[in-house]
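Taking it in order: structure first as structure tokens, then the write-up.
The values are calculated or read from the model by the stated rules, or taken from the named source; none is laboratory data. These numbers were taken from a predicted model, which means no experiment stands behind them. Here the Cβ positions follow ideal geometry from the backbone for every residue, glycine too, while neighbour counts run over all protein chains shown. The accessibility values were calculated without ligands, DNA or RNA, using every heavy atom of the protein model including side chains. Shrake-Rupley method; radii C 1.70, N 1.55, O 1.52, S 1.80 Å.
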Amino acid sequence: MIFDWNACCAVREVRELQGEAPLTLAGDGLWVGVLSSGRCLLAAAGQNAGSGASGDILLGRGGFTLQPATPCHLLCLRMEGLAVEEFLRGLPRPRFADSAACPNAAEQLARLCSAPAESDAPDPALGAAPYALLCALAHADEEARRLSPLVAEAVETIRNNYMALYGVEDLADALGVSKCHLVRTFSAEMGVSPGKYLTRTRLEAAKLLLLEREYNLEMIASLCGFSGANYLCRVFRREEGLSPIAWRDAAAPHAPAKHLPPRNNEMYV
């Protein structure tokens, strides 16, 4: 089975903002950028959509303008693909996100922006790197959701303890609430149950370990909180449509990602 990284998530364009001149970002797909210095205003459809300060991450579908409020430097790229469109469904408008929500994104974006420009035949050496960046950005939109204290604490607990939590009951006990209340509140605010949320993020961690190609499946299962390699394979195939080995073999020719996402644990309701 041949996995087409270019159809999943690929870099199409790189742009740079430097100084005080405005920059308009257009085109299909997702623009991702890092504001390395200065302060910048973001306007979409003629309305102010917020501002960013040094260190913030830019996220948005094309069709907005960046207007420096002070001399700025921002490096950004545009990605397209099936995984990108799925990501954009949870991003209603362009915005700046706190880089603390996706601490590895800036480094990965810098590596991608320094790669050779795309030609008519996409460079296979880029491979899984754009997808790894998308994984690093997976939680960048959550700050804007205005989560209740309970759900915000649940998300933080999941990320920090995905190797240790055993189930939704365990999470509910840690938060001091009933399982039913947690599931109802979490699902209403996040659009997904706690169990599904944890599964997705544990798989995100597993994928980045697979990209490293230095770990066997038992080790990956242990590091990501799965009960064993067989269970990891079952969940991976169910969610991704192919086995971890097939996914790893598809990514084999490409440069590995170097950082794990925030910790998460798999739970089922």
For the stretch 195-203, Karplus-derived ³J(HN,Hα) couplings (6.51, -1.76, 1.60; θ = phi - 60°; whole Hz; x for glycine and proline) come out as x, 5, 4, 5, 4, 4, 6, 5, 5
Each residue of the stretch 27-41 in order: what ³J(HN,Hα) in whole Hz does its phi give by Karplus 6.51 cos²θ - 1.76 cosθ + 1.60, θ = phi - 60°, with x for Gly and Pro? x, 6, x, 10, 8, 10, x, 10, 8, 7, 7, x, 10, 9, 8
Let me make sure I get this right: for the stretch 203-243, a, b and c are the square roots of the gyration tensor eigenvalues over alpha carbons, sorted descending. Under 1.5 in a/c it's rounded, otherwise prolate if a/b > b/c, else oblate. Which is it? oblate
Taking 7 Å along the Cα-to-C-beta vector as the label spot, tell me the residue 98-residue 249 distance in nanometres, rounded to one decimal. 4.4
Sequence-distant residues sharing a close amide H with residue 97 (under 5 Å, placed H): 57, 58, 59
The summed charge of the residue 244 Cβ neighbourhood (under 9 Å; Lys/Arg +1, Asp/Glu -1) stands at +2
Ordered by residue, what ³J(HN,Hα) values in Hz, to whole numbers, does the stretch 150-157 give under the Karplus form 6.51 cos²θ - 1.76 cosθ + 1.60, where θ = phi - 60° and Gly and Pro are x? 5, 5, 4, 5, 4, 4, 5, 5
Solvent-accessible area per residue for the stretch 156-237 at a 1.4 Å probe radius, Å²? 46
Any residue on another chain or 5+ positions along whose placed amide H is under 5 Å from the amide H of residue 12 is listed here as 78, 79, 80
How large is the dipole of the stretch 180-230 about the Cα centre if only Lys and Arg carry +1 and Asp and Glu carry -1, each at its Cβ, rounded to the nearest 20 debye? 220
I'd like the carbon and sulfur percentage of the solvent accessible area for the stretch 169-251, probe radius 1.4 Å, heavy atoms only, ligands and nucleic acids excluded. 48
Which shape class applies to the stretch 185-224: rounded if a/c is under 1.5, otherwise prolate when a/b exceeds b/c and oblate if not, where a ≥ b ≥ c are the square roots of the Cα gyration tensor eigenvalues? prolate
Gained length - residue 174 relative to residue 237, 0.36 nm times residue gap less alpha-carbon distance: 19.6 nm
